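Comments concern the structure below.
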Ligand SMILES: Nc1ncnc2c1ncn2[C@@H]1O[C@H](COP(=O)(O)OP(=O)(O)O)[C@@H](O)[C@H]1O
Ligand SMILES: [Mg+2]
């Protein structure tokens, strides 16, 4: 007697700007994955749709169960739609715009300092230029306390970084070596609100971790390289302990803020007794997942996006769009804990939030075929066509040949490493 199988359909929405690379890979992978059967025997089928921007009635129900957003950080109509579907329709969002608007870089610095992380010394200075508001002149004359910019900078120490309080894409970031540069940068900041932040000088390594749900990839990053060379393929550039600390910091940031698709930049600097991990930039809504920047790590990112989307929708994981800092601050306020112990406690809370173990079990039992499906796709002609299209639409014609070869090489390396890994797992 065959069991009656219940079937349920889920729509995943992609909110996109200019990119076509990762959405195509994501759509193909979901299609090839086919239905996923959960532990109760329900078969989950998936449709992926690109969300269009149009008038929406605030009471109209969306068709999506989950939306991955790479647009709302600059386009506010869809951002407001995301808020509506989060508040009214329980749509699962990666990420919730509530926390990203309320908790930009500045608030993220505050919260992680409060948790005891080694965020460099940071000061927020008032606007350089008057704001375009009729009340400004009167208010400023009355309440803007005179301040000595040089004294603020000297207290932090040179070199330092001046950067916008809300950050993003290196806009308005400058490294300041002396008084003259300080004044020039502040004069140019105009109506941007700026932090002055101590520079982490002479760091050993820039580790950038990309987290997607319960998974985190820590990558060696070089901000001085052009886009195609910023991430290097390097698996052992951190000791296991430091690697774990970097993963923990990324997960803690994300669990604290309920960010499920985010990148976290940390600078690792050694000293006589070991090394310190300094988080410097970790509020990155809509993180970059382009083939041309992630290259070798692109297949990992696509698999993680697919698996996390399926896990959340198939298990009915509730969306939690708001921050609940209380339990985190309780740990922060315990003075019997060392930095390491505190971090371990946060890590447990973060893994609880992300249901890391349950996710692992779900992937092992319900998504066992995803690795082989993905490898076949990344080795095949459809993906190669996407790679060539992406390169030719990203680079000028005289660089096409060079960069097609460059990215093909890196993706072939991933495929060969993955083939070895899968064979070892089944051996
Ligand atoms: N405190 C710091 N110490 C050393 N380097 C820094 C510091 N802050 C920023 N930088 C450098 O400047 C770059 C841009 O700053 P970041 O805070 O990441 O801004 P954005 O949000 O625009 O990416 C970083 O990737 C890093 O290379
Ligand atoms: Mg950054």
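Tabulated data
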item	result
Residues of segment 40-68 that turn out to be in contact (Cβ under 8 Å) with a residue 60 or more places away in the chain and in contact with a helix residue (DSSP H, G or I) (Cβ under 6 Å, 6 or more places away or on another chain), as a count	4
Test: residue 108 is within 16 Å of ligand 2 (Cβ to nearest atom), part of a helix (DSSP H, G or I) and not assigned by TED's automatic domain parsing to the domain that holds residue 263	yes
Cross-chain or 6+ apart pairs with Cβ under 7 Å, segment 164-184 first and at positive phi and free of Cβ contacts under 8 Å to residues at least 24 places away in the same chain, then within 15 Å of ligand 1 (Cβ to nearest atom) and part of a strand (DSSP E or B)	172/163; 172/164
Residue 335 being outside any loop (DSSP other than H, G, I, E, B), loosely packed, with under 14 Cβ neighbours inside 10 Å and free of Cβ contacts under 8 Å to residues at least 12 places away in the same chain	no
Filtered residue count, segment 218-242, keeping only those that are more than 16 Å from ligand 1 (Cβ to nearest atom) and surrounded by 18 or more Cβ atoms within 10 Å (Cβ to Cβ)	3
Output for segment 35-60, where each listed residue is exposed (fewer than 12 other Cβ atoms within 10 Å of the Cβ), part of a loop (DSSP other than H, G, I, E, B) and under 28 Å from the mean Cα position of the chain (by Cα)	52, 53, 54
Segment 111-140, subset in contact with a strand residue (DSSP E or B) (Cβ under 9 Å, 6 or more places away or on another chain) and in a helix (DSSP H, G or I), residue nearest to residue 67 (Cα to Cα)	112
Test for residue 352: is it in a helix (DSSP H, G or I), over 24 Å from the mean Cα position of the chain (by Cα) and surrounded by fewer than 17 Cβ atoms within 10 Å (Cβ to Cβ)	no
Residue that is nearest to residue 164 (Cα to Cα), among those in segment 87-105 that are touching a strand residue (DSSP E or B) at 6+ places or on another chain (Cβ under 7 Å) and assigned to a loop (DSSP other than H, G, I, E, B)	95
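The values are calculated or read from the model by the stated rules, or taken from the named source; none is laboratory data. Owing to the predicted nature of the structure, the values given are computational and were not obtained by experimental measurement. Cβ sites come from the backbone with ideal geometry, for glycine too, and all protein chains shown count toward neighbours.
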